[in-house]
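One structure is given below, encoded as structure tokens.
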Amino acid sequence: MKRLLLLTARPRIIASRLSSLILLFQRSPLVQMLFPEAKILSSSGFGQITQWAVVTVAGLGAYDTVSGASTVIQSYPVANSTTIPAASGSALTAVAQYTGGNTPGSWQITGTLPPGTTHSDSKGSKTDTISGTPNQTGNYSITVKAWQNSNYTGSWVSASFTINVDAAVITTQPTSDVIRSGTSKTLTVTGAQGLGTSLSYQWYQGESGTTTSPISAATSASYTTPTLSAATSYWVKVTRIGTGYTIPSNSTTATVSIATAPAITTQPGSISINSGATTTLTVASSGSPTPTYQWYQGASGTTTSPIANATSASFTTPALTTTTSYWARATNVGGTADSSAATVTVTQPAAITTSPSSSTINSGSNATLSVTASGTGPLSYQWYQGASGNSTSSITNATSASYTTPALTATTSYWVKVTNAANPTGANSATATVTVNDTFASWQASKFNSTQLANTTISGATADPDGDGITNEDEYIFGTLPLTSNTPPVLTTSSTNGQSIVDFTATAASGTGYAGKTRNFSLQSSTTLAAGSWTDLTGFSNITGSNQAVRYTSAASGSLKFYRLRVWLTP
Ligand SMILES: [Ca+2]
């Protein structure tokens, strides 16, 4: 309940308005009075003030008690409202106004201002301004207090407001883009309308905030440019329209640029690789925006064989076994450019197809060895004596696929290495062994000196220099000495219990002249000695000589029987 108390004490005469205020401020703030100021200030000399009143309202505060309406109000953006509309991201200017007759010395705000805003703390001003760009939505309750003095002392008057920071006016900015010259671009902005408000749009050419080039009739959320041949910037002002106020928001600048078509600056290079290997091809191009790439297999411009996921400036081929060509297409919104085709030539490394075969020859003969090899030509060959891989004995001028040995008198091994550009290390053949078998000549050379050898009556096959009735050739077959009279392998015969026993030693073919040779024996019998009557005894045919003793025991029989031993060398 308000209490009215009439001042009964007559105020002393005051000579100025200021002194009258001082007088009035001495009253208790609990005293609420309203009466014509003229009654007490009729002699004050401020005759022009006719509507002064003394207003002291508890809880509100007052110092300009001679004003008819001493309070703080919102004068902008919504006059006389306790709610201050704002939007996150839009500049806010709110003006609190002191409406009394005097001028406040200072302003103070209690409560929390929206982040991003400050107040001007005006000194000696009838208004105080809250400004800035709030960046956080919410309702912010504040009290604005106007003080009499500049240091927040004296009497005061205040009012409370709620700053309602709503969602941003623009939720999606128009975006820059690059287009092909002679085409247009549709720019779009998205605004947040909010409850109880509407949105309006105005598009401009130029940088954001520059309003010198508004675009006629471009007043909706989307705007389609005319066809452009040069980069042009646009922006849009979106305005949220509420009751009694508006909140404008400037979009960012959206620049529509004109693309530069691609041009190939570095062509992918042709290359040779080994079969089964990969290689990386690289292309480079100019153009704006930066071109993207697609690689193709085949001839340049033939797009029937695009390569999946080959969309970078570099492309690594799969493992190739056949020669293949590739090319790349560079693309941006301005156009395309095709690279030349790069040919990846696949070379086959040298490899052995068939190694040279081992063979057996007679001493003094030569052997011809051959290798077959695969690989991209030219192929190079080098023959070596020894075991495969041992290259210490390369053979001079033995550099073709075939090699004929010199006349050999001893078993010798050979191998060959085949190389080409794709296999510089080379492929080694298996070892081919030329086995040298001795001959009668080998035996002759070991049994006779050079003079004897030159005289066939001594060293010839049919000669019998030791006069033992055995020709040199037979001495060789029997394994006996040609210059020393001796007996050939003898058959020893005996009998027991009416049975004939035949013994002999099946000597092995060994020593010089017998390399590769086998001595063979067959024991034969005849009852007549007639030619063609000799037959091998069962179980005594083709006996391989290994120095073993052989005994034949005949069945008991009274008939006459002859035995002989057949000896021969193989091969
Ligand atoms: Ca003889």
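Whenever a residue of the range 388-409 is over 30 Å from GLN444 (Cα atoms), its partners that are part of a loop (DSSP other than H, G, I, E, B), lying with C-beta atoms within less than 7 angstrom and at least six residues away or across chains, give the pairs SER388/SER429; SER388/ALA430; SER388/THR431; THR392/GLY386; SER393/GLY386; ALA401/VAL371. Of all residue pairs spaced 6 or more apart or on separate chains, those with beta-carbon atoms under 6 Å, a first member in the range 524-552 that is on the phi > 0 side of the Ramachandran plot and a second member that is part of a loop (DSSP other than H, G, I, E, B) are ASN547/THR507; ASN547/ALA508. Got at least one residue in the range 442-460 being in contact (Cβ under 8 Å) with a residue 60 or more places away in the chain, among the charged types (D, E, K, R), more than 14 Å from the ligand (Cβ to nearest atom) and out of contact with any strand residue (DSSP E or B) (no Cβ under 6 Å at 6 or more places or on another chain)? Within the range 442-460, none of the residues are in contact (Cβ under 8 Å) with a residue 60 or more places away in the chain, among the charged types (D, E, K, R), more than 14 Å from the ligand (Cβ to nearest atom) and out of contact with any strand residue (DSSP E or B) (no Cβ under 6 Å at 6 or more places or on another chain). Residues in the range 546-560 that are outside any loop (DSSP other than H, G, I, E, B) and either exposed (fewer than 10 other Cβ atoms within 10 Å of the Cβ) or assigned by TED's automatic domain parsing to the domain that holds THR360 (or both): ALA549 only.
Each row is one residue, and each column tells you yes or no for (1) closer than 30 Å to VAL238 by Cα; (2) touching a residue at least 40 places away in the same chain (Cβ under 8 Å); (3) assigned by TED's automatic domain parsing to the domain that holds THR239.
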position	(1), (2), (3)
THR82	yes, yes, no
PRO85	yes, yes, no
GLY89	yes, yes, no
ILE130	yes, yes, no
ASN139	yes, no, no
TYR152	no, yes, no
TRP156	no, yes, no
THR162	yes, yes, no
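For the condition of a type in the set (Phe, Trp, Tyr), on the phi < 0 side of the Ramachandran plot and over 36 Å from the mean Cα position of the chain (by Cα), TYR223 qualifies. Pairs are defined by a Cβ separation below 9 Å, a sequence spacing of at least 6 or placement on different chains, a first member in the range 463-475 that is modelled with pLDDT of 95 or more and more than 7 Å from the ligand (Cβ to nearest atom), and a second member that is in a loop (DSSP other than H, G, I, E, B) and aromatic (Phe, Trp, Tyr); no pair meets this definition. The set of residues in the range 476-493 that are of a type in the set (Gly, Ala, Ser) and within 8 Å of the ligand (Cβ to nearest atom) contains only SER485.
Within the range 357-402, the set of residues being at positive phi and either in contact with a Cys (Cβ under 8 Å, 6 or more places away or on another chain) or modelled with pLDDT under 95 (or both) comprises GLY364, GLY375. Out of the range 273-325, which residues are surrounded by 15 or more Cβ atoms within 10 Å (Cβ to Cβ), small (Gly, Ala, Ser) and touching a Gly at 6+ places or on another chain (Cβ under 8 Å)? Residues satisfying the conditions are GLY287, SER288, SER325.
Are there any strands (runs of 3 or more DSSP E) wholly within the range 272-324 with 1 or more residues that are without any contact (Cβ under 8 Å) to a residue 60 or more places away in the chain and within 30 Å of GLY377 (Cα to Cα), and if so which? Lay out the reasoning, then the answer.
Details: elements: 280-282, 284-288, 292-297, 314-316.
Passing ranges, in order: 280-282, 292-297, 314-316.
Note on the range 334-347: among residues that are part of a loop (DSSP other than H, G, I, E, B) and at pLDDT 95 or above, the one that is farthest from SER275 (Cα to Cα) is SER339. Here the condition is being hydroxyl-bearing (Ser, Thr, Tyr) and surrounded by fewer than 18 Cβ atoms within 10 Å (Cβ to Cβ); of THR405, THR451, it holds for THR451 alone. Would it be correct to say that THR496 is modelled with pLDDT under 95, of a type outside the set (Phe, Trp, Tyr), more than 10 Å from the ligand (Cβ to nearest atom) and surrounded by fewer than 16 Cβ atoms within 10 Å (Cβ to Cβ)? Here the answer is yes, as THR496 does meet what is asked. Across the range 226-245, the qualifying residues are those that are surrounded by fewer than 16 Cβ atoms within 10 Å (Cβ to Cβ) and of a type in the set (Ser, Thr, Tyr), and the one among them that is farthest from ARG180 (Cα to Cα) is THR243.
The values are calculated or read from the model by the stated rules, or taken from the named source; none is laboratory data. Here the structure is a predicted model, which is why all the values come from computation and not from measurement. Cβ coordinates were reconstructed from backbone atoms using ideal geometry, including for glycine residues, and neighbour counts include every protein chain displayed.
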